[in-house]
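The values are calculated or read from the model by the stated rules, or taken from the named source; none is laboratory data. For clarity, every value in this text was computed on a predicted model and none was experimentally measured. Methodologically, a virtual Cβ is constructed for each residue, glycine included, from the backbone with ideal geometry; neighbour enumeration extends over all protein chains shown.
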Amino acid sequence: MTNGKLSSADILKMINKRAGRTIAFSGDQENPADIKDWISTGSRWLDSIICRGQLAGIPVGRVTEIAGLESSGKSYMAGQVAHQAQTKGIKVLYFDSEATMTSEFLEKLGCDMDGDNQIIILQPEDIEMVLETVELCMSNDPDNRYLFIIDSLAMTPCRADLEKDFNPQSSMAQKPRVLSLGMQKLMTSLSRTQSTLLVLNQLKTNINVSNPMMMLSQPWFTPGGKAIIYAYSLRIWLTGLKGKKTFIEDDNGYRIGSEVKSKLEKSKFGTQGRFCNFKILWGGEKVGIMNDESLLTAIKPSNKLKNAGAWFTLEGYDKKFQTATFPKLMQSDPKFSKLVYDIMDEEVIRKFENKTGKAEDFYDLEEEKQEEKTNE
C-alpha cells in the first residue's frame with residue numbers, strides 16, 4: 001500500500017483471498033485464458049489455417065464445434081483429434097449419443113483403447129448428464145487435462161425432451177436454455193484446468209418460409225441455440241464436395257473415400273472465413289484423413305513447385321515425382337517432407353499473416369459474393 005492506496009499486488013491478493021482461489025492475474029503473470037497448446041485435427045492444412053501466424057489445431061482450454069453435413073467426416077475427424085490428444089497425455093471422454101462409435105473404429109484411427117490413457121466411451125441419456133459429467137471430472141481431477149467430445153449435440157436430447165411426448169412443441173427451446181446455463185458454469189473451469197470441449201454438430205437446411213432467399217445466403221444452421229455459439233472459440237464446418245471426381249476409388253473402382261471442404265465459420269484467432277480441402281478414407285482397410293495427399297494441393301501456388309504434364313519438381317530436391325508417389329515420398333524421405341512443410345508454412349501461414357498476395361487465395365470469396373447478392 002502506497003500513500004493509503006492499494007497497489008496492484010495488494011488488489012490481486014485481496015481479490016484472490018476473497019475468492020478462495022486464483023481468479024485475478026496481473027499483466028506479467030501467466031493467464032489461463034491464453035492458448036498454451038493445440039490438438040492437431042489430423043490435417044496439417046487445416047491446422048495451418050486455424051490461427052494467424054502459427055501451426056495450430058483445436059485450442060486447448062476452449063470450446064470448439066465441428067459441424068457438417070451427413071457423411072462429411074465429423075466422426076472421423078473427432079477420432080483423429082482424440083488420438084492426437086492421447087499422444088499429449090490428455091484423457092479423452094467420448095460421449096457417444098448416437099451409439100455408433102465402436103472401439104474397433106477408434107482403434108483404426110490410432111486411438112489407445114486398452115492402455116493407461118485409454119479412451120472412455122459413454123452413452124449419455126441426455127445433455128444434462130453430459131454437462132454434469134464434464135463438471136464432475138474437472139472438479140474432482142483438476143490436475144489432469146481432459147478432452148470431452150460430444151457426438152453429437154443434435155442427437156443428444158435434454159431431460160425435458162425425454163419426459164414429454166413426441167410433439168416437438170412440448171419441449172421447445174429447452175436444450176438451448178440448458179446449454180446456456182451449462183456454458184456459463186463450465187467455461188472458466190475448462191480454461192483453468194486446460195481441458196477442452198469438442199462439440200460435433202449437424203448442419204441442417206435453413207428453411208425460411210417468410211424469406212426463401214435466406215436459404216441461398218445462409219443455407220445451413222446448427223441446432224443447440226445461440227448461447228453455445230457465443231461460447232465457441234472455433235467453428236469448423238464440413239461440407240462434401242460434389243461430383244464423381246471427389247470420390248476416392250480403389251483399384252477395382254469401389255469408392256473408399258471422398259473429398260471434404262472445411263471452412264472456418266467462426267474463429268477467435270484472426271482466420272474466420274479461411275478454407276481448405278482434404279480427403280477422408282472411410283470404406284477400406286484404412287480410415288481417417290489423407291493428410292499427405294492434401295499437402296500437394298496446398299503448395300501448388302508456390303513458385304518452388306513446378307509442373308510439366310504428370311511430373312512435378314520441387315526446388316531443392318533433385319528427383320521428379322508424380323501425384324501418386326507424393327505420399328510415399330512424404331513418409332520415406334525426411335528431406336522431401338521438410339521441404340514440403342517449409343513451403344506449406346510459407347504459402348499457408350506466413351503469406352496470410354503478412355497479407356502477401358490476393359485475398360481470394362485464402363478466402364472463398366465466390367461464396368461470400370453469392371451471399372451478398374442474395375441479401376440485396
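Annotations for the structure displayed:
- Single unsatisfied condition, Ala227 versus (1) modelled with pLDDT of 95 or more; (2) hydrophobic (A, V, I, L, M, F, W, C); (3) in contact with a helix residue (DSSP H, G or I) (Cβ under 8 Å, 6 or more places away or on another chain); (4) not in a strand (DSSP E or B): (1)
- Extreme residue, surrounded by the fewest Cβ atoms within 10 Å (Cβ to Cβ), among residues of segment 322-353 that are of a type in the set (Gly, Ala, Ser) and either touching a Cys at 6+ places or on another chain (Cβ under 7 Å) or at pLDDT 95 or above (or both): Ser332
- The residues on offer are Lys108, Lys88, and the sole one that is more than 21 Å from Tyr232 (Cβ to Cβ), surrounded by fewer than 21 Cβ atoms within 10 Å (Cβ to Cβ) and modelled with pLDDT of 95 or more is Lys88.
- Each residue in segment 242-267 was checked for being of a type in the set (Lys, Arg) and either at positive phi or in a loop (DSSP other than H, G, I, E, B) (or both), and 1 of them qualify.
- The residues of segment 33-66 that are over 14 Å from Gly270 (Cα atoms), part of a loop (DSSP other than H, G, I, E, B), more than 9 Å from the chain's Cα centre (by Cα) and not charged (D, E, K, R), listed by number, are Ala33, Gly42, Ser43, Val60, Gly61.
- Complete set of residues in segment 147-167 that are free of Cβ contacts under 8 Å to residues at least 60 places away in the same chain and either β-branched (Val, Ile, Thr) or under 15 Å from Gly224 (Cβ atoms) (or both): Ile150, Met155, Pro157, Cys158, Ala160, Asp161
- For the residues Thr325, Thr297, the requirement of being among the polar types (S, T, N, Q) and either touching a Phe, Trp or Tyr at 6+ places or on another chain (Cβ under 9 Å) or within 23 Å of Arg52 (Cα to Cα) (or both) singles out Thr297.
- Top-ranked residue of segment 268-316 - restricted to ones that are in a strand (DSSP E or B), in contact with a strand residue (DSSP E or B) (Cβ under 9 Å, 6 or more places away or on another chain) and exposed (fewer than 13 other Cβ atoms within 10 Å of the Cβ), ranked as modelled with the lowest pLDDT: Asn307
- Lone unmet requirement of (1) modelled with pLDDT under 95; (2) in contact with a helix residue (DSSP H, G or I) (Cβ under 8 Å, 6 or more places away or on another chain); (3) not small (Gly, Ala, Ser) for Lys36: (2)
- Of all the residues in segment 125-152, those that are over 22 Å from the mean Cα position of the chain (by Cα) and in a loop (DSSP other than H, G, I, E, B) number 5.
- Hey, Ala78 touching a residue at least 24 places away in the same chain (Cβ under 8 Å), surrounded by 24 or more Cβ atoms within 10 Å (Cβ to Cβ), on the phi < 0 side of the Ramachandran plot and assigned to a helix (DSSP H, G or I) or not: yes
- Which listed residue, of Lys263, Lys306, Lys279, Lys319, is within 24 Å of the chain's Cα centre (by Cα) and free of Cβ contacts under 8 Å to residues at least 40 places away in the same chain: Lys279
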